[in-house]
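Here, each number is a calculation from the coordinates, and none is a lab measurement. What you are looking at is a predicted structure, and each value in this text was computed from that prediction instead of being measured. When we count neighbours, we look across all protein chains shown, and the Cβ atoms used for this are built from the backbone with ideal geometry, even at glycine.
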Amino acid sequence: MSTAAGADHGHAHPWYQAHHFKNMEQQNAANKFGMWLFLVQELLFFAGLFMAYASMRFFYPGTWLEAAEQLDKVMGAVNTIVLLTSSLTMALGVRAAQLGNNGQVAAWCAATLAGAYGFLVIKYLEYSHKIHVGLLPGKWFDFKELTQTNTDAPQLFFSVYFMMTGVHGLHVVIGIGVIFWIMLRALRKDFSPENYSAVENVGLYWHLVDLIWIFLFPLLYLVR
Amino acid sequence: MSSSHAIGHDHEHAGGHITPLPVYFAVYGALLVLTVVTVAVSYMGLPPLQSITVAMLVAMVKATLVGAWFMHLKYDAKFNVFTFLAALWFMASFFVFTFYDLASRGMVNEVTGQHVLHKDMDEQKK
Amino acid sequence: MSMLLPLLAAGVARADGGQFWMPKAASTYAQQVDDVFYFIYFTDAAFFVVLMAAMIIMAVKYKRRSEDDTTPVIKGNHTLELVWSVFPTFLLVAMFWLGFRGWINMSVPPADSMEIRVIGQKWNWTYQYPAASVNGQELPGFEVAGADEACMQRIGDPTRDIECNAPIVVPAGKPVKLVMNSRDVLHSFFIPDFRAKKDVVPGRYTQLWFEAPEPGEHNVFCTEYCGDRHGYMYSKVKVLPQAEFDAWITEQREKAKASGALTGAALGEQLFASKGCAGCHKLDGSRLVGPPLNAKFGTQENLEGGATVTIDEGYLRESILVPGAKVVAGYPPSMPPYQGQLNDAQVEGLVEYIKSLK
Amino acid sequence: MSTSTLDGVGHGASGTNYLNAKKGLMSWLFTIDHKRIGVMYLATVLTFFLAGGLFALAIRTELATPAGDIFSAAVYNKLFTLHGAIMVFLVLVPAIPATLGNFLLPLQLGTIDVAFPKLNLLSFHIYVFGSLFLLYTLVTGGVDTGWTFYTPYSSSSADGNVVAALTGAFILGFSSILTGLNFIVTVHKMRAPGVTWLRMPLFVWAIYATSVIQVLATPVIAITLFLLIFEKIVGIGIFDPALGGDPVLFQHFFWFYSHPVVYVMVLPAFGVMSETITVHSRKHIFGYTAIAASSVAIAAVGFIIWGHHMFVSGQSELSGTVFSLLTFAVAIPTAIKLCSWIATLYKGSIQWNTPMLYSLGFLWIFAIGGLTGLFLATLATDVHLHDTYFVVAHFHYVMMGGVLFALVAGMHHWWPKITGKMYNDTIGRVTFVLSFIGYNLTFFPQFVAGSQGMPRRYHQYLPEFEMWNQLSTLGSYLFGLSLFIILGYLLQSLFSGKAAPRNPWGAASLEWRTQSPPVEHNFEGDVVCTYGPYDYEAHRALKS
């Protein structure tokens, strides 16, 4: 919201202050509060997926344990570490923005992007393996070993798996977009200790993506 | 935008609370350790209930670390913390009440409670 | 005004057996439900009259006299606010409690209930009665379903559907437990006279019980939207005196035993009636929901999408099991699939029966 | 701001206002002015209301006779589905918050704009984009799942339009979320000096509570619809019993949003009432804190009572009991509001003008709607009444009567501020009588038909219900006619109405301190609030 021209009614504003805010403190607080409310709706959006997981697991406990064996714990763990690392680099990027160091912001954003792409690459490897052997959601499910031993709807686990990781992956993709935007703005030297809430909000978003994964990983991969 | 008791060189700044670098690295280290712990526990072959309890506890600790330090909730305006917790509260109400229905089906009437699998459906059709 | 009239009417109607709001109570727990209903009703009416009278009287009394009217500053009154917060609470708790008692009563069938299976399907009900041994003779269970074809001729008359669809027959003065599930989508089994209702869910069983003290006939509606002919999914409960019921059920069981020997077209004819085929397909060449089936075998039929097909055994079999595969042009694809519901001999019988129709 | 202009007549010195400050279509479609966005919402919402209303009249026409003789069953089912979907997703949810809320929130808080003006515009564009999907389904043959999209009917339906309708509703959800988010931040961060929490008009409190629900509940319907879309495309099977899922679980997902959303519709209506009743009685609101707190309480409790839609759905008996008990808890704050409004009339100076008449009409209608809700919260009686016309009548009394009467009251109340024109009050009052009679005649008989056992969504019905249905159909024509008259004289006022003074009703809240219509940046100077929105004493003292 920072591109609107200031100086509408008398006062001299810095270029990044929108005309309807009285001062930067108000603008920053509003931006951050708005972001938190956005994260709130993200959490409730994911709540539906977690509820779907919980109820299907409740109905088919045996299937859940059996089907989860088909996931690759190592891949999942590596991906967790990749995402945690990108979360750290993002936090450091925000810190650099707080200090007004645009160069470092861009560098940390680049590091975060590397993590995000790494996550997607590993996810891609996992997906392509599953697609190859027929561990697919819903009616596409075609994995003989499980359908022979387990008639309790084994496809449901993979429905839930693909919906959860898919929606999460979509968030990663969106994250890549906004982090890239922040990186470009940092290269343009947009940020200063007074004006960094865009970096901070993107950071908050990225940490939430991380936060969701922190729960997805054990629920899908680890709980035997 | 206030900070009162951070470790290290804590000072008021236009950029809000500046968390010292070592804190970030310490949090990151703790997250890595916890990830290793949770993976290790999964190989111990605990029964499902204990396994999921441990996994969720570890995840909650990790989430708290990310929320408090990476997301600055520890130093943030209290209302933002409240907002975050309110979201968790409403999520919880969604889980608890829905799950209460699923779990209590059949407590009053046995037949109502049976969740018939689709394979039973086929049998019943025959 | 619009409220006062029914209010008055309700008062009169109550003297007349209380049937202005609720239909005649015909199950053991219906009166209990009605009592709760009227408790809430009169509480509501009292509140409504007091509130609206206050509103109207003040609106008239304090109508603005001049543009310079001043008003006293009254920001609230804690006593009053406390009264109207706490006092209704007691009434609400009473409502909950009465409703809860009735609900528990309606939810828990007596142990000696007679069990009948109810199957909902677009758009009719099937009732399955259990097998029994009568006088040392093993008699099979049987199904009641389908529509009376002659009755179905009265197109456009809503009472047709309720009169022509097979009723569920139950004994008077004995608790009956319906164990229900659906073959396709959600339905709901509703008997207004009994104050009984429960959704019929695919994939699980739900149950409903009632005891009708008196013989009689009562309407059954489907109250969960289930597609095209949801508004036509009627049936009836026929309550018979115990002795008549016993005679009826024994007769049906004996018939079922006899029809077990049926094969071919005769079996098909029996299924055509009992599976509700006649509800959609007529045999005199005129259209209903589906195409007529007489004199069709061996002819060409145009399909939805432009293709044509010769009506042979294969096409008939496919159309019974998976009707959506090849739909006749000009008709909605609304027939439910019978895959898994008919065995081979039954499908064979239906095909033979359709072949035999002239 | 100089005090002498407080109730002054006429426009500001320059004669410019938000309506004529910029010209051209683009200056509207891409405006970030909350007032213009509010007006655009109003125009769009009313257009969709017209469409939904015509569907309603078509339904009532079919039901004038017991036989299903005018439309085929398939067409009838599409009519009520589209009626429901349009009315809920396109009309009732944004009806007051996005229209009057958008226009008034910054004005009543004494600020220039909402916290995120561009986001506000984005909400509107998302709304229009989402509505295109519903329009697409409409012109390509409609959907017949019912607006509730219950599985497995919706998931097993072969109709491709269902996916389009689901996508539309999914997109519309984000419009609602972003509006709510924007308003919450606005209330928290944008209040003018002197506008303390307890000096906010009750309309603002209502919008605030509404926004909280929008942000918390709407994401759940979004993910539900998302899952349902994939249920249809991939057959993921979470809600479809044929694939191992549970259709009752879908209802939990669905009502976790769709119950709170009735408060998204009706809380702003409460807010409008708190304004119109006080202003046109020229009397301080009775029990300000109780009304404000009850808005928030309704929003909070409204989240844990959704199971009362599912008493007979196959939900567990114990769960039903808990939900019934909690449902009664929401009756208390609602009763507090109703009593407080009526107490506000005491010793007031009540003006019998159009906005006040609609407000009193609202109280009548909402009292019936609220009180009949008790039958449906009570377990034993709900078993009988669920999914009958009793429920139809109940939620129309609450949703449609409540929201619409409040919207019409609000439109008349703020029309001078929004358009700068006065309408013909005499026609307004006469039309009120017509609409009030028409409304009650439409929906009251449905209570009787329903408790007698007439199920909803029936294309035909038994002859014993005929009288009630005919009364209802007659009423719906009267009501429809009255709405056209309202539209007519309001539109006419745009062209030949008298210029509206700054503060035609002598109201004390901030939006009346600026000129009518307001200038582009809302106020001619900085606003400092020194007294509460219902403090007519202080207002008068300042004026003289």
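Net charge around A:F191, counting only other residues with Cβ within less than 11 Å of its Cβ (Lys, Arg = +1; Asp, Glu = -1)? Please report the intermediate quantities before stating the final value.
Details: positive: A:R185, A:R188, A:K189; negative: A:D190, A:E194, A:E200.
In short, 0.
Step through the residues of segment C:29-45 one at a time and calculate ³J(HN,Hα) from phi using the Karplus curve (6.51 cos²θ - 1.76 cosθ + 1.60, θ = phi - 60°), rounding each to whole Hz and writing x for Gly and Pro.
So the J values, rounded to whole Hz, are 9, 4, 5, 4, 4, 4, 5, 4, 4, 6, 4, 5, 4, 6, 4, 4, 4.
Under 1.5 on a/c is rounded, so check that first for segment C:100-188, then, if it is not, pick prolate when a/b is larger than b/c and oblate when it is not; a ≥ b ≥ c are the square roots of the alpha carbon gyration tensor eigenvalues. Write down the numbers at each step before the final one.
On the way: a/c = 2.02, a/b = 1.29, b/c = 1.56.
Here segment C:100-188 falls in the oblate category.
Indicate, rounded to the nearest 5 percent, the antiparallel portion of the DSSP beta bridges found entirely in the protein assembly as shown. Write down the numbers at each step before the final one.
On the way: 39 of 52 bridges.
Around 75 percent antiparallel, to the nearest 5.
Among D:Q470, D:T419, D:Y439, whose Cα lies farthest out toward the positive end of the dipole of segment D:414-477, if unit charges sit on the beta carbon of Lys, Arg (+1) and Asp, Glu (-1)?
Positive-end residue among those listed: D:T419.
Sort segment C:264-356 into rounded, prolate or oblate with this rule: let a ≥ b ≥ c be the square roots of the eigenvalues of the Cα gyration tensor; rounded if a/c is under 1.5, and if a/c is not under 1.5, prolate when a/b is larger than b/c, oblate otherwise. Walk me through the numbers before you get to the answer.
Values: a/c = 1.44, a/b = 1.38, b/c = 1.04.
In terms of gyration-tensor shape, rounded.
Quick one: Debye curve from the C-alpha atoms of chain A, no solvent, what's log10 I(q)/I(0) at q = 0.08, 0.09, 0.12 Å⁻¹?
The calculated log intensity ratios at q = 0.08, 0.09, 0.12 Å⁻¹ are -0.38, -0.46, -0.71.
Mind putting a number on the dipole of segment C:114-259 about its Cα centre? Charges go on the C-beta only, +1 for Lys and Arg and -1 for Asp and Glu, and I need it in Debye to the nearest 20. Don't jump to the answer; show the numbers that get you there.
Values: 17 positive and 20 negative charges, 81 e Å.
Using only the charged Cβ atoms, the result is roughly 380 debye.
Calculate, for D:E466 and B:Q50, the FRET efficiency according to 1/(1 + (r/R0)^6) with r their C-beta to C-beta distance and R0 56 Å; round to the nearest 0.05. Intermediate values should be presented prior to the final figure.
Values: r = 64 Å, r/R0 = 1.15.
Efficiency, rounded to the nearest 0.05: 0.30.
For the protein assembly as shown, with the dipole built from +1 on Lys and Arg beta-carbon atoms and -1 on Asp and Glu ones, taken about the Cα centre, which of D:G53, D:T111, C:A111 lies farthest toward the positive end?
Looking along the dipole axis, the top candidate is D:T111.
Do any cysteines in the protein assembly as shown lack another Cys Cβ under 4.7 Å, and if so which?
Singleton cysteines: A:C109, C:C222, C:C226, C:C277, C:C280, D:C339, D:C529.
Under 13 Å from the 7 Å Cα→Cβ point of B:V81, by amide nitrogen: which residues of segment A:39-61?
Answer for this model: none.
Report the equivalent ellipsoid semi-axes for chain C in whole Å, largest first, defined as the square roots of five times the eigenvalues of the gyration tensor built from alpha carbon atoms. Mind showing how you got there, number by number?
Working: eigenvalues 554, 157, 59 Å².
Result for chain C: semi-axes of 53, 28, 17 Å.
Dividing the alpha-carbon Rg of segment D:32-543 by 2.2 N^0.38 Å yields what?
Values: Rg = 22.3 Å, N = 512, 2.2 N^0.38 = 23.5 Å.
Expressed relative to 2.2 N^0.38 Å, the Cα Rg reads 0.95.
Distance between the C-alpha centers of segment A:10-41 and segment D:188-261? Whole Å please.
26 Å
Find the all-direction average of the projected area of the Cα convex hull for segment D:407-544, expressing the result in square nanometres with one decimal place. Walk me through the intermediate numbers first.
Values: hull surface 49.2 nm².
Result: 12.3 nm².
With a/c under 1.5 counting as rounded, go ahead and sort segment B:32-87 into rounded, prolate or oblate using the C-alpha gyration tensor (a ≥ b ≥ c being the square roots of the eigenvalues; past the cut-off, prolate if a/b is larger than b/c, else oblate). Show your work: numbers first, answer last.
Numbers: a/c = 6.37, a/b = 2.24, b/c = 2.84.
Oblate, since a/c reaches 1.5 and b/c is not below a/b.
Could you state, as a whole-number percent, how many of the C-alpha pairs of segment C:32-83 are farther apart than 13 Å? Can you show the working numbers first?
Values: 999 of 1326 pairs.
Looking at segment C:32-83, the distances longer than 13 Å represent 75 percent of pairs.
List the residues, sorted by chain then number, that are 5 or more residues from C:A196 or on another chain and whose placed amide H is less than 5 Å from its amide H.
C:I191
Would you grab the residues whose amide H sits under 5 Å from the one on C:V220? Only those 5+ places off in sequence or on another chain, please, with H modelled 1.01 Å from N.
Under 5 Å from the amide H of C:V220: C:S235, C:K236, C:V237.
Search the structure for amide H atoms under 5 Å from the amide H of C:W125, placed 1.01 Å from N in the peptide plane, and list their residues when 5 or more places away or on another chain.
For C:W125, the qualifying residues are C:G146.
If the protein assembly as shown were replaced by its equivalent ellipsoid, with semi-axes equal to the square roots of 5 times the Cα gyration tensor eigenvalues, what would those be, largest first, whole Å? If you can, show how the numbers build up before the last one.
Working: eigenvalues 556, 348, 145 Å².
Largest first, the protein assembly as shown gives 53, 42, 27 Å.
Considering the options A:A153, A:S192, A:L49, tell which one lies farthest towards the positive end of the dipole of segment A:43-222, charges being +1 on Lys and Arg and -1 on Asp and Glu at the Cβ, about the Cα centre.
Of the candidates, A:S192 comes out farthest on the positive side.
Placing unit charges on C-beta atoms (Lys and Arg positive, Asp and Glu negative, everything else neutral), compute the dipole magnitude of the protein assembly as shown about its Cα centre in debye, rounded to 20.
Details: 78 positive and 84 negative charges, 625 e Å.
Dipole size: approximately 3000 debye.
Label B:L57 and C:E301 with points 7 Å out from Cα along Cα→Cβ: what is the distance between them in nm?
6.6 nm
Explain nothing, just the number: dipole magnitude of chain C about its Cα centre with +1 on each Lys and Arg Cβ and -1 on each Asp and Glu Cβ, in debye rounded to the nearest 20.
Numbers: 33 positive and 39 negative charges, 143 e Å.
I would put it at about 680 debye.
Could you work out Rg/(2.2 N^0.38 Å) for segment D:18-65, with Rg from alpha carbons only? If you can, show how the numbers build up before the last one.
Numbers: Rg = 16.7 Å, N = 48, 2.2 N^0.38 = 9.6 Å.
Normalised by 2.2 N^0.38 Å, the Cα Rg of segment D:18-65 equals 1.74.
Please report the net charge: other residues with Cβ closer than 15 Å to the Cβ of C:Q137, K and R +1, D and E -1. Don't skip to the answer; put the middle values down first.
Values: positive: C:R253, C:K255, C:K257; negative: C:E138, C:D246, C:E251, C:E254.
Net charge around C:Q137: -1.
D:G410: net charge of surrounding residues, Cβ under 14 Å, Lys/Arg +1, Asp/Glu -1, itself excluded? Write out the running numbers ahead of the final one.
Values: positive: D:K417; negative: D:E275, D:E511.
It works out to a net charge of -1.
Restricting attention to segment C:110-193, which trypsin sites (Lys or Arg not before Pro) occupy a DSSP loop and are surrounded by at most 14 other Cβ atoms within 10 Å?
Of the trypsin sites (Lys or Arg not before Pro), the ones in loops of segment C:110-193 whose Cβ has at most 14 other Cβ atoms within 10 Å are C:R154.
Normalise the Cα radius of gyration of segment A:134-224 by 2.2 N^0.38 Å (N = residues in it) and let me know the number.
Working: Rg = 19.3 Å, N = 91, 2.2 N^0.38 = 12.2 Å.
Against the compact-globule rule of thumb, the ratio is 1.58.
Angle between the Cα long axis of helix D:425-451 and the longest principal axis of chain D, 0 to 90 degrees, nearest 10?
Here the helix axis deviates by roughly 20 degrees.
I'd like the orientation of helix D:403-419 relative to chain D: the angle between its Cα long axis and the longest Cα principal axis, in ° from 0 to 90, rounded to 10.
Around 30 degrees separate the two axes.
Starting from the eigenvalues of the Cα gyration tensor, five times each then square-rooted, give me the equivalent ellipsoid semi-axes of segment C:63-122, largest first, whole Å.
Working through the eigenvalues yields semi-axes of 55, 20, 7 Å.
Do any of A:K189/D:K189; C:K177/C:K257; A:K139/C:K198; C:K255/C:K275; C:K63/D:K498; C:K198/C:K275 go past 19 Å between their Cα atoms, and which?
Exceeds cut-off: A:K189/D:K189; C:K177/C:K257; A:K139/C:K198; C:K63/D:K498; C:K198/C:K275.
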